[in-house]
Amino acid sequence: MEWNDHIQGILDTLPDKPGCYLMKDDKDRILYVGKAINLRNRVRSYFHSTALEDPKTHKLVRDIADIEWIVVGSELEALILEMNLIKRHKPRYNVRLKDDKRYPYIKVHWQDPFPKVTVTRQMKSDGARYFGPYTSVWAVHQTLDLLRKIFPYLTCNRDITGEDSRACLYFDIKLCTAPCIGAINQADYRQILDDLCQFLEGRTEPVVKRLNHEMEKAAEDLQYEKAATIRDQLLAIDKVVERQKVVSSDQTDSDVIAMARADGEACVQVFFIRSGKLIGREYFVLEGTEEENDEEVLSEFVKQFYAQAAFVPQKVLLPNELAETKIINQWLNSRKTGDKVEITVPHQDLNKELVDMAAENAVETLQSLKTRWDSDKNRQTGALSELQEALDLPEPPNRIECYDISTTQGVASVGSMVVFEQGTPNKKLYRRFNIKSVLGQDDFASMEEVLYRRFRRWKAYHDEGEKVGKKPDLAFSVLPDLLLVDGGKGQLSRAVKVLEAYNLSGRVPVAGLAKGEEELFVTGQRESIYLERHSQGLYLVQRIRDEAHRFAITAHRKRRSKQGLASRLDVIPGIGPARRKALLQTFGSIDGIKKAQPEKIAEIKGITLEMAQSIKVQLE
């Protein structure tokens, strides 16, 4: 394989220092991020003939158009920078955690006088205590629902003074200790939250010991109601603790990590052992693993997982050695206060059994996920086939675009475009359109404007973009296999009009989906089409329509919110600074304009009677 003078020039000038390198394609997209103790040696190694025998390296080098490097002070700094760059850019040739942006954490707002407990997807250095990451937000909420019964914590937004006249319903049903009315003081409330944190860490013994002591003291002081409350709390704790399997007499905190791979997929299972008890487990799916060996995949997982983990244990048990163990160990120790971290590969005794058990769970989890993925794929394939048959399409509609309009009396109108590929949403291709040419509320005209703008972009690219080598916007440069508009015959006719204007009426199938009876209208047929109730085809169409509506209304609300900060006249199409000034000089105020007759407003230079009527409507 040959490479150009630009790449050769970079290879000749690489520094003999530690750092990170970013390999880019001809569109300046980052393909791969790596680190090196010696940048010159590491980067040049990709271009050796022996390295190019590896299929993945061969494909990577073939796509490289540029290489950027960043020099750092040490291998540890290079490791940290590499992880941050991978997380930020998600290069397609790197192994990376799938959907890592969505992993939820439990957040205890410890920095507040009366901490609350919430679910968040981002850790910050704000004084709060974090637990996670977890892979299921549903499971997190289930956990919190249980913990709230044991450790009642605040969920309201009251300013806690202890002087409120009455507490809310949660106090009556024993899901809050009511610091708002002074039923509990700050120190005792924070003790409850500290117990909750220890519980999440798997340290139940100190909590149980202290509560037993408090229960006995309350009984001695004849505070039987308080003693009964603590007794119920202890019983609830016992029920949870019973489910936590004791796996070791060793009180060391450990994470047990193992992996399963099949058909290009990789699933990592993590067992969380705290004080000798298995308190939980999570699985994580990785991307970009197809042509990587087990050691590389596991190494990347360990780095990316602990980069966002709220807690680093004393021991990390792995199924096999990693080439980067020493530097990863150094990095983990830099993140942990107190005890040192030990990465180890057990070969016998209980720890080996734990790693084997995690591996078995990883295999079962991956098999379960693949079964679910195959089921989803079959369901989507069936839905697309149903649509193909119902609408008499030549092929299954693998790319479906749906459009909707959201407005409030013609103000801040927004059109939405959502794209589904292979039956699933591709949110990167969603687009919104702020309506510019329509005065007042006219959904038909607004839909027409949106579709004209969408297909004008398609035509512009194919007339000019291909000639000058412009980067295509895949949202507009590709035609849909099916175009859906939210509405009946009226919206359908506007869509057909636009397609005819661009000579696409025979190339792009179009249908209107009417609410209520969920009927589809297509061109050339007087009767509407009804998809079979409870069919996958109907469910897919409804989901697409609902997604278009959600996206439109969200964009509309944002636009209205922004416009709410400006003059009410500023948001009316056709009213610029000069006409706004003339209106206010003539009628004195917004109320004056609202009271004026349209004919009187139309006397102002540049304002037609139609525009005057629109102004009246939009100021109501």
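When residues in the range 19-31 are screened for being touching a Lys or Arg at 6+ places or on another chain (Cβ under 8 Å) and either within 23 Å of residue 76 (Cβ to Cβ) or surrounded by fewer than 16 Cβ atoms within 10 Å (Cβ to Cβ) (or both), 5 of them pass.
Considering the range 329-364, the residues that are at pLDDT 90 or above, among the β-branched types (Val, Ile, Thr) and outside any helix (DSSP H, G or I) include one that is farthest from residue 307 (Cα to Cα), namely 345. Say whether the condition of being touching a helix residue (DSSP H, G or I) at 6+ places or on another chain (Cβ under 9 Å), small (Gly, Ala, Ser) and not assigned by TED's automatic domain parsing to the domain that holds residue 29 is met by at least one residue in the range 73-92. Taking every residue of the range 73-92 in turn, none turns out to be touching a helix residue (DSSP H, G or I) at 6+ places or on another chain (Cβ under 9 Å), small (Gly, Ala, Ser) and not assigned by TED's automatic domain parsing to the domain that holds residue 29.
Let's see how each residue does on (1) more than 34 Å from the chain's Cα centre (by Cα); (2) over 27 Å from residue 273 (Cα atoms); (3) at pLDDT below 75:
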| position | (1), (2), (3) |
| --- | --- |
| 214 | yes, yes, no |
| 217 | yes, yes, no |
| 222 | yes, yes, no |
| 225 | yes, yes, no |
| 237 | no, no, yes |
| 242 | yes, no, yes |
| 247 | yes, no, yes |
| 253 | no, no, no |
| 258 | no, no, no |
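Taken over the range 478-528, the criterion of being assigned to a loop (DSSP other than H, G, I, E, B), within 36 Å of the chain's Cα centre (by Cα) and not hydrophobic (A, V, I, L, M, F, W, C) is satisfied by 480, 481, 487, 488, 507, 509, 515, 516, 517, 518.
Yes or no, residue by residue, for (1) in a helix (DSSP H, G or I); (2) touching a helix residue (DSSP H, G or I) at 6+ places or on another chain (Cβ under 8 Å); (3) not assigned by TED's automatic domain parsing to the domain that holds residue 207:
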| position | (1), (2), (3) |
| --- | --- |
| 138 | yes, no, no |
| 141 | yes, no, no |
| 148 | yes, no, no |
| 152 | no, yes, no |
| 156 | no, yes, no |
| 159 | no, no, no |
| 164 | no, yes, no |
| 176 | no, yes, no |
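Among residues that are at pLDDT 90 or above and either of a type outside the set (Val, Ile, Thr) or surrounded by fewer than 16 Cβ atoms within 10 Å (Cβ to Cβ) (or both), residue 104 is not included. Contact annotation: residue pairs with Cβ atoms under 9 Å, 6 or more positions apart or on different chains, pairing a residue in the range 174-199 that is farther than 20 Å from residue 274 by Cβ with a partner that is in a helix (DSSP H, G or I) and among the β-branched types (Val, Ile, Thr), are 174/229; 177/192; 184/192.
Looking only at residues in the range 64-99 that are in a strand (DSSP E or B) and modelled with pLDDT under 90, the one that is farthest from residue 8 (Cα to Cα) is 97. Any residue at all in the range 407-423 that's part of a loop (DSSP other than H, G, I, E, B) and either of a type in the set (Gly, Ala, Ser) or buried (at least 20 other Cβ atoms within 10 Å of the Cβ) (or both)? Within the range 407-423, one or more residues are part of a loop (DSSP other than H, G, I, E, B) and either of a type in the set (Gly, Ala, Ser) or buried (at least 20 other Cβ atoms within 10 Å of the Cβ) (or both).
So that you can scan it fast, the table gives a plain yes or no per residue for (1) under 22 Å from residue 407 (Cα atoms); (2) crowded, with 17+ Cβ neighbours inside 10 Å:
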| site | (1), (2) |
| --- | --- |
| 475 | no, yes |
| 505 | no, no |
| 514 | yes, yes |
| 530 | no, no |
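Can you tell me which residue in the range 424-434 is farthest from residue 556 (Cα to Cα), limited to those that are surrounded by fewer than 19 Cβ atoms within 10 Å (Cβ to Cβ) and not aromatic (Phe, Trp, Tyr)? The extreme case among them is 424. Pairing residues of the range 337-363 that are under 21 Å from residue 284 (Cα atoms) with residues that are aromatic (Phe, Trp, Tyr), at Cβ distances under 6 Å and at least 6 apart in sequence or on separate chains, gives 358/271.
Among the residues of this structure, residue 340 does not count as one that is more than 30 Å from residue 77 (Cα to Cα) and exposed (fewer than 15 other Cβ atoms within 10 Å of the Cβ). Just to be sure before I move on: is residue 201 among the acidic types (Asp, Glu) and either in contact with a Lys or Arg (Cβ under 9 Å, 6 or more places away or on another chain) or assigned by TED's automatic domain parsing to the domain that holds residue 272 (or both) in the structure I sent? Yes, satisfied.
Pairing residues of the range 590-611 that are more than 15 Å from residue 574 (Cα to Cα) with residues that are part of a helix (DSSP H, G or I) and among the polar types (S, T, N, Q), at Cβ distances under 6 Å and at least 6 apart in sequence or on separate chains, gives 598/613. Checking every residue in the range 395-412 against the condition of being among the aliphatic types (A, V, I, L, M), touching a residue at least 60 places away in the same chain (Cβ under 8 Å) and out of contact with any helix residue (DSSP H, G or I) (no Cβ under 7 Å at 6 or more places or on another chain) gives zero matches. Being at pLDDT 85 or above and in contact with an Asp or Glu (Cβ under 9 Å, 6 or more places away or on another chain) is a property that residue 520 lacks.
Tally up the residues in the range 370-406 that are part of a strand (DSSP E or B) and touching a Leu at 6+ places or on another chain (Cβ under 6 Å), please.
Residues meeting the conditions: 3.
The values are calculated or read from the model by the stated rules, or taken from the named source; none is laboratory data. Owing to the predicted nature of the structure, the values given are computational and were not obtained by experimental measurement. With ideal geometry, Cβ positions are generated from the backbone for all residues, glycine too; neighbour counts draw on all protein chains shown.
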